[in-house]
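The values are calculated or read from the model by the stated rules, or taken from the named source; none is laboratory data. Bear in mind the structure is a predicted one, so any value in this text is a computation, not a measurement. Counting neighbours? That spans all protein chains shown, and the Cβs are built from the backbone with ideal geometry, glycine included.
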Amino acid sequence: MSSVPSRPRPTAMRTTVLRTSRLTPTMVRLVVGGPGLATFVPSEHADSYVKLVFLPASAPDDLPLTDQGRVDLDQLRAELPADAQPRLRSYTVRAFDPDALELTLDVVVHGDAGVAGPWAASAVPGDELLLVGPGGSYSPDPTADWHLLVGDTSALPAIAVALERLDPAACGHAFIEVHHAHDVIPLVAPAGVEVHWVDRGRGVTGLALVEAVDALPWPEGTVHAFVHGEAGTVKELRHHLRVGRGLSRGQLSISGYWRLGADDEAWRASKREWARTIEADEQAVGLD
């Protein structure tokens, strides 16, 4: 009888903040490095991400380590009470320099809200940051006739990477919702890809973004789409693209990165049910 391979023990790399900068009033760029990144194997995908590990105040000074010098998260969790567990937050790898062992992350900051944002806003060189990963699954399809990239500021780093990786002859549209015009940043994109900045101002999150995509005159040919951001917005866009435009699952990389009114733990706990509801709606109209 064959045995089922055991799950690798989750571990975290120890990195140090090297420098920080403000890209916009609501986005901080972190560059982390150190020998802990020597074991980092970058993902080939444009939406490559790592999980930032935030420890409770009760975490021990001497963290349990593996033979590789990584933090043993299973052992650490076992040493901490149930109500004081590490909190993980996912962020796109904006860039990785294997020679310098430097990894760049862009973190959205909204005042004191959340866990990662306030930490990033106050981070200084020398601060330690634990990282898990990478993960990722999306790369632009080079055989597509055109590309559609849609998201809010949480998806902006992944969209930026995807735009940079497109063939210079690629064409398409990118729609990015921002809270204010001062959140717009320079992006590198092929001449044939039009970047649309959607300023929602004080409006409802995602409404202007959905309306902008709905109003797009649909180009001819096969599209490959990347659509990520707030869960309610993503649900509306998925209905538009799958039901209204007839896109197949294979033409879409689409998921909610976060949900309005829920922290990350609550969103992850409800995400599977959210996905089941969407799939049931699509099956009801005959989509596979």
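The figures follow:
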| quantity | calculated |
| --- | --- |
| Test: residue in the range 2-15 that is surrounded by fewer than 12 Cβ atoms within 10 Å (Cβ to Cβ), modelled with pLDDT of 95 or more and under 20 Å from the mean Cα position of the chain (by Cα) | no |
| Where a residue in the range 86-100 is under 25 Å from residue 256 (Cβ atoms) and its partner, wherever it lies, is acidic (Asp, Glu) and buried (at least 19 other Cβ atoms within 10 Å of the Cβ), with Cβ under 8 Å and at least six apart | 91/106; 92/47; 92/106; 94/106 |
| Single condition residue 43 does not satisfy, out of (1) more than 30 Å from residue 181 (Cβ to Cβ); (2) surrounded by fewer than 15 Cβ atoms within 10 Å (Cβ to Cβ); (3) out of contact with any Ser or Thr (no Cβ under 7 Å at 6 or more places or on another chain); (4) polar (S, T, N, Q) | (2) |
| The one condition in (1) in contact (Cβ under 8 Å) with a residue 24 or more places away in the chain; (2) in a strand (DSSP E or B); (3) polar (S, T, N, Q) that residue 21 fails to fulfil | (1) |
| Tally of residues being surrounded by 13 or more Cβ atoms within 10 Å (Cβ to Cβ) and more than 27 Å from the chain's Cα centre (by Cα) across the range 80-92 | 1 |
| Qualifying residue in the range 232-245 (condition: under 21 Å from residue 115 (Cβ atoms), in contact (Cβ under 8 Å) with a residue 12 or more places away in the chain and not in a strand (DSSP E or B)) | no |
